[in-house]
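Please read the structure below before turning to the comments.
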Amino acid sequence: SDVWWGQQTDGIYIKASTNTVIHDNYIHIPNQDPYAHVDGIQSQFAQGFVIYNNVIINDSVYSPEGGGMPIILRAGNAGLNLPVIIYNNFCYMGGAWMPGANNGIVLNLHSGDQDLYPSPPTYLLHNTVIGNGPQLNGVGFDYFGQGNDGKGIFHNNIVAQYGSGTGGISWLITFGAGGAVSPIHVDSVKNNLFYKEWSTVNFAGSFTNGATTASGFDWNYWTGTLGGSGLQTDPLFVNNIGNEPDQGALRGYLQANSPAINAGEDVSYLFDYLEATYGIVLPRTDIEGNSRNLSNPTIGAYKYVPRGPDIIPPEVTGATLLDSITLKITFSEPLDPSTAQNPNNYSINNGITVVSALLTGSVVTLTTSPHSIGTYTVTVSNVEDLAGNIVSPSANSADYEWTVIQDVTPPEVTGATLLDSVTLKIMFSEMLDETTAEDENNYSLSNNINVFNASLSGSEVTLQTSTHSPGSYIVTVVNVEDLAGNPIAQSNTAEYSRIPPDSLIMFPIENVQGVIQEPGHTPLKTIDG
């Protein structure tokens, strides 16, 4: 039954069992005995659990007991070293609204009155855990994989807490471990999505990266100091958590633009390990049997599947100027090409005009008139997604800026080559200003060679000169500037030579090494004749 009756205890209660498997259940606790703890799944004095593909919902309550928890699992070791596997479950718990009521934990691995040390190998994968209201912790551990195989894994889960954080009632932590748990390594907690509506995500208990061990910290410390991974962001559920009339109908379905989509870690190696080690075969699908992309799975219990008509408008998520005339705009979802590629649907302040628009999926690239250094705002109108929803008026613009690193390095002469007796090519270190580079008065050649004309091509200048006789020369360049206006340093020079045709250049022999191919052979001639 999905309804609690007077004096009834939990949805599923397990005691003194071994190797318990619980899967594919819908457990809803919509009402509570004010003085009893009515949980979704509870166990005592048990070893070995595989809990997967369950929807477990405990509605919010106003009672001193604080309401039941979706999962409160006491799983001992008893020398058996059997694993605790919690996979592909949707766990929801409404708030405990009476001030001073007992605190709850949505997903609670609890010690209770059992001897849990060493605690059993523990695997929590692809669960969606939601707490909505005060006096609720997200996930709590009194044991975490301290068994013989040393495994404690918390990967690809969503842990989300909703509420205002106000009202004189306690608003609790997102993720925590009990004091008896050895420090949890950050690599055991990977690729999860954490969200707290009223504040930053926080952690309790002891965590380590091998070099630093800490307890009681926030998300910035988790990622910055400990090097932990994951996302801290709104998972963007389809249900409006906290505002739905029927808590029993809630699910962890994701919107099309959810950051959880394809953001998980490949955990297929764990499926292989559990099967090889314990003979446990887990479905490689989501909670509803949809195939899962194992290499880039979606975080949580639910794969994204379009559900009904798309009524969510697209949003502008950012804009970046690639160069002075190319602006890239990113959107929250793929767009309709006919509206997205209409340049009239984009406007930019400060006199910038839009010449063309090119769509690639959810990215539009605009070609514009040139930007000067400064800050700009692009505004989008009438652009639609593939379902015909027009861009949201509350999220239809983005600020961006154009900055240019100032060039303060003057050009340099890097070499000179005489192409023929009257044509000299000079190479420079960068592109040049045409006016100064083509002024023949800025070049002087030794040995009374005159310059008649200078022609620029990028970073090379070709001079037409009077005739060079055989010999060595020096070219000196002055007053030439690069494109940023930096003048060349005075007396920038290069040497070059003219060698007359049919000339034979002789170099003295400084060293000779002979190789005798046949031992005992004496050559008829020596190097000196």
> Which length gain, in nm to one decimal place, applies between Met427 and Arg284 when the Cα-Cα distance is subtracted from 0.36 nm times their residue separation?
Replying inline: 45.1 nm
> Under a 5 Å amide H to amide H cut-off, with H placed in plane at 1.01 Å, what residues pair with Ile153 once short-range neighbours are removed?
Replying inline: Thr122, Tyr123, Leu124
> Taking Cα atoms, how many degrees apart are the long axis of helix 268-278 and the longest axis of the chain, rounded to 10 and kept between 0 and 90?
Replying inline: 40
> Per-residue ellipticity at 222 nm for the chain, helices alone: DSSP H runs ≥ 4 residues times -39500 (n - 2.57), over residue total, nearest 500 deg cm²/dmol?
Replying inline: -1000 deg cm²/dmol
> Just for the chain, what percent of DSSP beta bridges are antiparallel, to the closest 5?
Replying inline: 50
> What ranking do Ser63, Ser472 get, fewest neighbouring Cβ atoms within 10 angstrom at the top?
Replying inline: Ser472, Ser63
>> Suppose the chain between Lys328 and Lys15 were pulled fully straight at 0.36 nm per residue; how much longer would it get relative to their current alpha carbon spacing?
In response: 106.7 nm
> Roughly what % of Cα-Cα distances in segment 316-402 sit above 14 Å, to the whole percent?
Replying inline: 57
>> If each residue of separation counts as 0.36 nm, what is the full-extension length gain between Ala484 and Thr379 once their alpha-carbon separation is subtracted?
In response: 34.6 nm
>> Give me the three principal axis extents of segment 12-278 from the C-alpha atoms, as integers in angstrom, largest value leading.
In response: 45, 43, 34
> Tell me, what is the FRET efficiency for Asp420 and Asn441 to the nearest 0.05, using R0 = 30 angstrom and their Cβ-Cβ distance as r?
Replying inline: 0.85
>> Principal axis extents for segment 413-498, Cα atoms only, whole Å, descending order, please.
In response: 38, 19, 18
> Ordered by residue, what ³J(HN,Hα) values in Hz, to whole numbers, does segment 403-409 give under the Karplus form 6.51 cos²θ - 1.76 cosθ + 1.60, where θ = phi - 60° and Gly and Pro are x?
Replying inline: 10, 10, 6, 5, 8, 10, 9
> Quick one: of the DSSP bridges fully inside segment 12-278, what percent are antiparallel, nearest 5?
Replying inline: 10
> Residue-wise, which Karplus ³J(HN,Hα) couplings in Hz belong to segment 67-80, taking 6.51 cos²θ - 1.76 cosθ + 1.60, θ = phi - 60°, and x for glycine or proline?
Replying inline: x, x, 10, x, 9, 10, 10, 9, 10, x, 10, 6, x, 8
> If the convex hull of the alpha-carbon atoms of the chain is projected onto planes in all directions, what is the mean projected area in square nanometres?
Replying inline: 44.9
> Once you put a point 7 Å from the Cα of Thr467 and another 7 Å from the Cα of His23, both along the Cβ direction, what distance in nm separates them?
Replying inline: 9.7
> In straight Cα distance, which aspartates and glutamates are under 17 Å from Lys190, not counting same-chain residues fewer than 8 positions off?
Replying inline: Asp218, Glu265, Asp266
> Points 7 angstrom from Cα along the Cβ direction at Asp310 and Ser457: gap in nanometres?
Replying inline: 5.2
> Where a Cα-Cα gap under 16 Å defines reach, which aspartates and glutamates qualify for Lys425, not counting those fewer than 8 residues away within the same chain?
Replying inline: Glu412, Glu434, Glu438, Asp439, Glu440, Glu460, Glu495
>> How large is the convex hull of the C-alpha atoms of segment 122-263 per residue, in Å³?
In response: 119
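Here, each number is a calculation from the coordinates, and none is a lab measurement. As the structure is a prediction and not an experimental result, all values here were calculated from the model. Heads up, the Cβs are rebuilt from the backbone with ideal geometry, glycines too, and the neighbour counts pull from every protein chain shown.
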